Amino acid sequence: MAAIVMKLNGTIYTTVMNLPYSLANKIRLSTLLVLILAFTSSSSGENTYEDTTYEFLKREYSLSKPYQGLGSSSSSHWEFMGNTMIMPENIRLTPDSQSRQGAVWSRIPCYLRDWELRLQFKIHGEGKKNLNGDGLAIWLTKERMQIGQVFGNTNFFTGLGVFIDTYPNDDKQHERTFPFISAMVGNGSVAYDHDRDGRSTDLGGCAAHVRNVEYDTFLLIRYMKNTLTVMTDIEGKQEWKDCLDIPGVRLPQGYYFGASSATGDLSDNHDLISFKLYELTVERSPEEEEEQQEITLPSVDYRVDPNVLVEDEGRSIITTFFLFIVSVVVLVVVVVVILFLYNHYKENRRKRFY
């Protein structure tokens, strides 16, 4: 007689069977192996989960249907301005009409160190290709609720701007295909050059065919450990593709999230469908913690302000090579002069003995 003990859904079941002794041992051994494998898999799964980056939806910084947190009341987390219209299926920042501006802004400053924003949007209109404009922008800035010429927001902003530009203002920019997604970090003293589509100040970007498509279009903006990442899901394949990845981006805390749009002589519907912000919890070293607390002004490590002349303390390769050639020439001249003087001295000395 053998007893088989099994545990299912927290309940222990014992089955008594008349089995040969050897068979009973084999069953007990198999059961033990199954339990060991299950425990090992469970432990392995737990360790894998602990190594991943956690993310938490922050509802106070998010917008989704039916947009109950958006309004003019003091209890609302978001407010809107300009020509923005709240509709059942989306927030229309600007309609397909000329000279319109609209925006939504968070009332609550963001103090998250690491975050990820997932944006669903739609840009569509009656205009043909290159006869539409201007685009929309996503913001994390010190300023808020200010109408301006940069996709409906003020120029000389302080913080981060990510632009979905649908119209090429600079006819000479043949290397870019529009619509084009780009990013810029402003410190309050650098202007966005609208006539050149921000080419002199942006951090790079990618082409994005997001206008008048039948499927949903998404944008992901991640800021983690001072690295800015922008990705797109605009082909209806439900997969993210890289657009921009810039290390050394330093953004202070306490800024406001927002989205804005503008039309000029050309127009489009610019619809915001959802705006979901996730807090990312990642491990930081004590040095990284201290460095984060010292950030008081937005900056990018490698980016040089094109409007400010800075004396280069280092030397370029060409300059170094030129200095090397000059040094060699000077050294040769000095050696020749020394040899000439030495020979002249020997000649004079020989003459004194004759």
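Which of the residues that make up the range 229-251 are surrounded by fewer than 16 Cβ atoms within 10 Å (Cβ to Cβ), more than 28 Å from H124 (Cα to Cα) and not small (G, A, S)? Passing the criteria: only P247. Of all residues in the range 126-162, which are among the hydrophobic types (A, V, I, L, M, F, W, C) and in contact (Cβ under 8 Å) with a residue 40 or more places away in the chain? Across the range 126-162, the qualifying residues are L131, L136, A137, I138, W139, L140, M145, I147, V150, F151, L160, V162.
The rows are residues; the columns are (1) hydrophobic (A, V, I, L, M, F, W, C); (2) modelled with pLDDT of 75 or more; (3) surrounded by fewer than 10 Cβ atoms within 10 Å (Cβ to Cβ); (4) touching a Leu at 6+ places or on another chain (Cβ under 9 Å).
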| site | (1), (2), (3), (4) |
| --- | --- |
| D305 | no, no, no, no |
| E311 | no, no, yes, no |
| I317 | yes, no, yes, no |
| S327 | no, yes, no, no |
| V330 | yes, yes, no, no |
| E347 | no, no, yes, no |
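Scanning the range 252-275 for residues being surrounded by fewer than 21 Cβ atoms within 10 Å (Cβ to Cβ), in contact with a Leu (Cβ under 8 Å, 6 or more places away or on another chain) and small (G, A, S) gives a total of 1.
Taken together, the criteria exclude T229 from residues that are within 19 Å of W105 (Cα to Cα) and among the hydroxyl-bearing types (S, T, Y). Here is the figure for the range 194-228: residues that are part of a loop (DSSP other than H, G, I, E, B), buried (at least 19 other Cβ atoms within 10 Å of the Cβ) and charged (D, E, K, R) total 2.
Look at (1) more than 19 Å from S267 (Cα to Cα); (2) surrounded by 20 or more Cβ atoms within 10 Å (Cβ to Cβ); (3) at pLDDT 95 or above; (4) not hydroxyl-bearing (S, T, Y) and you find that I181 fails only one, number (1). When the range 73-118 is limited to residues that are assigned to a loop (DSSP other than H, G, I, E, B) and touching a Pro at 6+ places or on another chain (Cβ under 9 Å), the one that is most open to solvent (accessible area, probe 1.4 Å) turns out to be P88.
The values are calculated or read from the model by the stated rules, or taken from the named source; none is laboratory data. Given the structure is predicted, the values throughout are model-derived calculations rather than measurements. We place every Cβ from the backbone using ideal geometry, glycine too, and count neighbours over all the protein chains shown. Remember, those area values only see protein heavy atoms, side chains included, never the ligands or the DNA or RNA. Shrake-Rupley method; radii C 1.70, N 1.55, O 1.52, S 1.80 Å.
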